[in-house]
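Take a look at the structure set out below.
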Amino acid sequence: MTNTKELKNAVHIANNDKSGNVIEILVDDGEYKNSSNIIISRNNITIRSISNNPAHVVLSGSGMKKKSPVEVIFDISASNVTLSGITLRNVSHHLIQVRAEKDVDYFSLDNCILEDSYQQLLKVSGKDNGEYSDFGVIKNSRFEYTAGVAPNYYVGGIDAHRSRGWVVSNNIFLNIASPAEKVAEHAIHFWKYSFDNTVVSNIIINSDRGIGFGLGNNKNQSMGGIIAFNKISHDNPNHIYADVGISLESSPHTIVSNNEIYLNSNYPNAIEYRFPNTQGVIIKNNITNKSIVARDGADGIILANKSAGIFEYYWNSIFFYFNQAIRFINN
């Protein structure tokens, strides 16, 4: 594919293919403007760049601004869909919407760049219809607001509802931060009937909230899952809504381990577990420069967590991993 019209036509042909075979759509280097609302409705479709360099293959929408109707780039309504080696940017809603309400399973995002949407960068939407999105994988990708702050508070990196068994690993999240009114959503957030998700080895820098399982004092928010080996840092004084690094809210039986969190902001806590439904959590072997706190009736086991220690050592460590990851994504 060399232009937007060809790309959309290729997806249309793939959606109507009845063979059941895996279809791979290869995208040449270039800028693909007006790449809005590409619906993938057939199982077993892969879209990837030939060069495997996301910086060289850019799909963009009409702009990061409030508008109607809904604008996304990829609207995923089928299972076993893979996106690899591309950049997505500049839409009024989400760069990618994965539809749990349509029982979309095995979605994969690898080696991609998602930047600048007016709402959450990647959304897993859901309805109370009994359907879930299972076993998604998001890895080796970058999520960013390139101006250093988001356009409004109603943003997030990954915002996932009704998601089970997803793995989010080895990604970078930058500047998921609100400019006004109230705090932005998390860089990574699983909630509303989500179960057994794994968030490991991600780097989150200057985002209002790092990683969240569940939200509020409600049942059926999130259950189980692991948050481990992530590095979270905040050091931007212009982000006035800087908040917690990791939060469990109505998320029982979750393990939070071996994360490193350094928050150079006024918020007092690095890790919080909250509300009566948050029971049986294990928070262990984390390194933080701020408190680990139970709130609002939560209960768990807290083991072998340590102070962050010397700021310079931690900061150099964070940016070593950040630079290594950037080189990996851009090669």
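The values are calculated or read from the model by the stated rules, or taken from the named source; none is laboratory data. Please read these numbers as outputs of a predicted model, since none were measured by experiment. In this analysis, Cβ positions are derived from the backbone assuming ideal geometry, glycine residues included, and neighbour counts consider all displayed protein chains. Just the protein is used for accessible areas: all its heavy atoms, side chains included, with ligands, DNA and RNA removed. Shrake-Rupley method; radii C 1.70, N 1.55, O 1.52, S 1.80 Å.
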Practice problem: Answer with a single label: of [x] 119; [y] 151; [z] 334, which was calculated as volume of the Cα convex hull per residue in Å³ from the structure in view? | Solution: [x]
Quiz item: Spin-label point model (7 Å from Cα, Cβ direction): what's the Lys66 to Val167 distance in nm?
Solution: 4.0
Quiz prompt | Computed accessible area, His56, all protein chains, 1.4 angstrom probe, square angstrom | solution = 90
Self-check item: Inter-probe distance in nm under a simple model that places probes 7 Å from Cα toward Cβ, at Asn238 and Lys284
Solution: 4.2
Quiz item: For the chain, modelled as a Gaussian network with Cα springs under 10 Å, which listed residue fluctuates most, Thr82, Thr146, Thr278?
Solution: Thr146
Quiz item: By a straight-distance test (C-alpha under 24 Å), which lysines pair with Lys284 as possible cross-link partners, with residues fewer than eight away in the same chain excluded?
Solution: Lys231, Lys306
Practice problem: May I ask for the net charge around Tyr153, where only other residues with Cβ less than 10 Å from the Cβ of Tyr153 are counted and Lys, Arg are +1 while Asp, Glu are -1? | Solution: -2
Quiz item: Going by the alpha-carbon gyration tensor, a ≥ b ≥ c the square roots of its eigenvalues, is the range 1-132 rounded (a/c under 1.5) or, if a/c is not under 1.5, prolate (a/b greater than b/c) versus oblate?
Solution: oblate
Practice problem: Report the residue, chosen from Ile205, Ile301, Ile23, that carries the largest GNM mean-square fluctuation when the chain is represented by alpha-carbon nodes joined by springs under 10 Å. | Solution: Ile301
Practice problem: Whenever you get a sec, compute what percent of the accessible area on the range 1-131 sits on carbon and sulfur atoms (1.4 Å probe). | Solution: 45
Exercise. Find out how many positive minus negative residues lie around Asp75, taking Lys and Arg as positive, Asp and Glu as negative, among other residues whose Cβ is under 13 Å from that of Asp75.
Key: +3
Quiz item: Which of the peptides 4-11, 91-98 is most tightly packed, and how do the rest follow, judged by the mean count of other Cβ atoms within 10 Å per residue?
Solution: 91-98, 4-11
Self-check item: For the range 162-301, the Rg and Dmax computed from alpha carbons only, in angstrom
Solution: 13.5, 37
Quiz item: How far apart, in nm, are the 7 Å Cα→Cβ label points at Thr2 and Asn218?
Solution: 5.0
Quiz item: Using r as the Cβ-Cβ distance of Leu26 and Lys182, and R0 as 56 Å, what FRET efficiency do you calculate, to the nearest 0.05?
Solution: 0.85
Quiz item: If the chain between Tyr154 and Asn52 were fully stretched, how many nm would it gain, using 0.36 nm times the residue separation less the Cα-Cα distance?
Solution: 33.6 nm
Quiz item: For the Cα atoms of the chain, what angle does the longest principal axis make with the long axis of helix 311-330, in degrees from 0 to 90, nearest 10?
Solution: 10
Quiz item: Taking the chain as a Gaussian network, where each spring joins two C-alpha atoms under 10 Å apart, which residue of Lys123, Lys67, Lys219 fluctuates the most?
Solution: Lys67
Exercise. List the lysines whose Cα lies under 17 Å from the Cα of Lys66, skipping any in the same chain that are fewer than 8 positions away.
Key: Lys123
Quiz item: Which value at 222 nm does the chain reach when only helices count, each DSSP H run of 4 or more adding -39,500 (n - 2.57), with the total divided by all residues and rounded to the nearest 500 deg cm²/dmol?
Solution: -3000 deg cm²/dmol
